[in-house]
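Here is the structure we will look at, set down as structure tokens.
The values are calculated or read from the model by the stated rules, or taken from the named source; none is laboratory data. All values reported here derive from a predicted model rather than from experimental measurement. Cβ placement follows ideal geometry from the backbone for every residue including glycine, while neighbour counts extend to all protein chains displayed. Areas reflect the complete protein model, heavy atoms only, side chains present, ligands, DNA and RNA absent. Shrake-Rupley method; radii C 1.70, N 1.55, O 1.52, S 1.80 Å.
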Amino acid sequence: FKFMDKVITSFNGEIMAQAKLSHKLGNFAVAAHDLIQLITKLPDEEITLTIKDQQLIIAGKKKRAGLTIQNDILLPVEDIPVPTKLRKIKEGVMEALIIAAKICISENEDYRVSHVQISPDKIQATDKLRFIRIKIDTGLKTTLIPSGAILALSNLSIDRASLGKGWLWLGNKSAQLGICCTEEEYYDDELIDTVISMDKPKPIQLPKEMI
């Protein structure tokens, strides 16, 4: 974790997260794994962070612990374009992204099956056996988003978004997260239209026990 002024930052190579602190602690870094382990052991919902003798002190109501801080910040985030403001995300977009991400194979090397494509008027994804297209006004330009990153954020309360060069930013009032995206070419829309087209579709009646 990188602490800089009143902002704490983490980055795993695909997802970058930033949250605001109530006060400035200084400019330093601590090992992410150690900090997470300490915080999970504190039962208090609220903790306080202070600096003492080159240590970050994490204190709850009954327990406290310290981590040695590193003055050399090696987190490679300086060149990442962080937006100054996120816009209100359009209704249903986040839900549609999560549904589409569940179709993908996140570990596949082929970005066309490991990424979700978002366009101004639709969201779509495939694993080459299944395909989903959700027609929705996204308010975002066309790009490909890693499905694993979308699913990793699926339990968070997200209501704002911004799409810049190579990054999709999502967040709320107190935090924002950036997902590294790609603008590689996706499947041709005409090919997809052919695959999902239906000749004279007919309604079906499901058995009552399936309804």
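Here are some notes:
- Amide H contacts of Val116 (H built 1.01 Å from N, under 5 Å, at least 5 apart or other chain): Ile145, Ser147
- Projected over every direction and averaged, the convex hull enclosing the alpha-carbon atoms of the stretch 107-159 yields 4.1 nm².
- Every helix of 4 or more DSSP H residues in the chain counts as -39500 (n - 2.57), and over all residues that averages to -4500 deg cm²/dmol at 222 nm.
- The Kirkwood hydrodynamic radius of the stretch 130-211, based on inverse pair distances between different Cα atoms, is 16.1 Å.
- The base-10 log of I(q)/I(0) for the stretch 135-175, evaluated at q = 0.24 Å⁻¹, reads -1.03 [Debye formula, identical scatterers on Cα atoms, solvent excluded].
- Put a dot 7 Å past the Cα of Leu129, heading toward its Cβ, do the same for Thr50, and the two dots end up 5.7 nm apart.
- Radius 10 Å from Cβ of Ile89, net charge of other residues (Lys, Arg +1; Asp, Glu -1): +2
- Net lengthening on full extension, Thr40/Ser154 (0.36 nm per residue, minus Cα-Cα): 39.0 nm
- Using heavy atoms of the protein chains and a probe of 1.4 Å, the accessible area assigned to Leu163 is about 30 Å².
- Over all distinct Cα-Cα pairs of the chain, the Kirkwood formula returns a hydrodynamic radius of 19.7 Å.
- Relative intensity, log₁₀ I(q)/I(0), of the stretch 7-77 from a Debye sum that treats every alpha carbon as a point, q = 0.19, 0.21 Å⁻¹: -0.84, -1.03
- For Glu14 and Ile196, a Förster radius of 30 Å and the Cβ-Cβ distance give a FRET efficiency of 0.55, rounded to the nearest 0.05.
- Net charge of neighbours whose Cβ lies under 14 Å from the Cβ of Leu156, counting Lys and Arg as +1 and Asp and Glu as -1: 0
- Unit Cα scatterers, Debye sum, the stretch 73-171: log10 I(q)/I(0) for q = 0.15, 0.19, 0.23 Å⁻¹: -0.60, -0.92, -1.26
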